[in-house]
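The values are calculated or read from the model by the stated rules, or taken from the named source; none is laboratory data. Predicted, not measured: the structure shown is a model, and the values here were computed from it. All Cβ positions, even for glycine, are placed from backbone atoms using ideal geometry, and neighbour counts span all protein chains on display.
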Amino acid sequence: MSVKKLLHTRFRVNDLDRSVKFYQDALGLTVSRHHTSPRGAQLVFLSTPNSAEEIELCQLPAGATPVQVQADLTHLAFEVDDLTAFTAELKAKGYELSDGPTRTGSGSLIAFIDAPEGYEVELIQRS
């Protein structure tokens, strides 16, 4: 027996609106739905082009312990067609890379940008 498929990955955030804006503006993701969980958390699901899996952003109710993301804990990775052009577009929108671009051993080009809470987002231009 095995699982059928990956549906979504959750990232807890401190400021839901700021995080949603980042994923929409910087990466072009779209909100597929937004609701309140039975425990009172605000949830926003983001869709990625050409992927069935979603990213769930979760902001707990007031009074919850703030999110403090540990360095190199986790990251999301997105493929882009042209990393140089994508980076220029990010810069024009006011976003800076936190690392890279770097050529990998396989010939791909990678770079990183940090989401508001410090989650890393890897951008990959395959060779």
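Some values worked out for this structure:
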{"read-out": "Qualifying positions in the range 1-30 - assigned to a strand (DSSP E or B) and either free of Cβ contacts under 8 Å to residues at least 12 places away in the same chain or surrounded by fewer than 16 Cβ atoms within 10 Å (Cβ to Cβ) (or both)", "value": "His8, Thr9, Arg10, Thr30"}
{"read-out": "One residue from Arg39, Arg33 being over 21 Å from Glu122 (Cβ atoms), exposed (fewer than 12 other Cβ atoms within 10 Å of the Cβ), out of contact with any Phe, Trp or Tyr (no Cβ under 6 Å at 6 or more places or on another chain) and not assigned by TED's automatic domain parsing to the domain that holds Glu120", "value": "Arg39"}
{"read-out": "Selection count where residues are touching a residue at least 40 places away in the same chain (Cβ under 8 Å), aliphatic (A, V, I, L, M) and not in a strand (DSSP E or B), scope the range 75-117", "value": "4"}
{"read-out": "Scan of the range 67-119 for residues that are surrounded by fewer than 12 Cβ atoms within 10 Å (Cβ to Cβ) and either in contact with a His (Cβ under 8 Å, 6 or more places away or on another chain) or on the phi > 0 side of the Ramachandran plot (or both), ordered by number", "value": "Asp72, Gly94, Gly107"}
